[in-house]
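**Q** Provided herewith is a single structure, encoded as structure tokens, for subsequent inquiry.
The values are calculated or read from the model by the stated rules, or taken from the named source; none is laboratory data. The model shown is predicted, which means the values in this text are computed figures rather than measured ones. We place every Cβ from the backbone using ideal geometry, glycine too, and count neighbours over all the protein chains shown. Remember, those area values only see protein heavy atoms, side chains included, never the ligands or the DNA or RNA. Shrake-Rupley method; radii C 1.70, N 1.55, O 1.52, S 1.80 Å.
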Amino acid sequence: MKSKFLTAGLIAAMMVPATMPVAAQAQTREIRNDRRDVREERQELRDAQRHGNRHDVREERRDYRGAKQDLRNSKRDWRQDNRYSNYRAPFKYQQFRVGSTLRSNYYAPSYRPSWDSRWGVPRAGRNLTYVRHYNDLLLVNERNGRVVKVYRNHFKWR
């Protein structure tokens, strides 16, 4: 009897975290759909202004205004969602300086930009690689993990 309750409790505990991201995906999907609706309504308004009469234009303006309001409401709901507000990461941002040493897992291939010139920096030399760390771009010596150059807030505008 106890094992059945324990098993049911474990299954329920495992299912709760799996359902949480689905709600977040639904919200972002709703925002994406609202953006599409705004684009479509804007196009219909332009068509009505080109080819329609005053009544058509007035009706399309009303629809366009309603679509924009729906998008604003969806964005507001997404911002006010406090599901993740109490999340505390087990680490915090660390600023690396020239000469700092990184562990090898910091400059693993998954953190390396694939094409250097796309990021507006010179090509990395021999035994050097670029590593993204939050918004910073670090030039790291692959052999010893030393930081050779730091580009602060390099990804802020991207």
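**Q** Give the calculated FRET efficiency between HIS51 and LYS75 to the nearest 0.05, with a Förster radius of 25 Å applied to their Cβ-Cβ distance.
**A** Details: r = 32 Å, r/R0 = 1.28.
My answer for the efficiency is 0.20.
**Q** Also, I was wondering about something else. LEU102's amide H: which non-local residues (gap 5+, or another chain) put their own amide H closer than 5 Å, with H modeled 1.01 Å from N in plane and none for Pro or chain starts?
**A** So LEU102 has HN proximity to ARG146, VAL147.
**Q** For ARG36, what accessible surface area do you get with a 1.4 Å probe? Give it in Å², rounded to 10.
**A** My reading of the accessible area for ARG36 is about 100 Å².
**Q** Between ARG42 and GLN27, with labels modelled 7 Å along Cα→Cβ, what's the label distance in nm to one decimal, could you check?
**A** In this crude label model, ARG42 to GLN27 measures out at 2.4 nm.
**Q** Here is a further query. Simple spin-label model, 7 Å along Cα-to-Cβ: ARG35 to THR101 in nm?
**A** Modelled inter-label distance: 4.4 nm.
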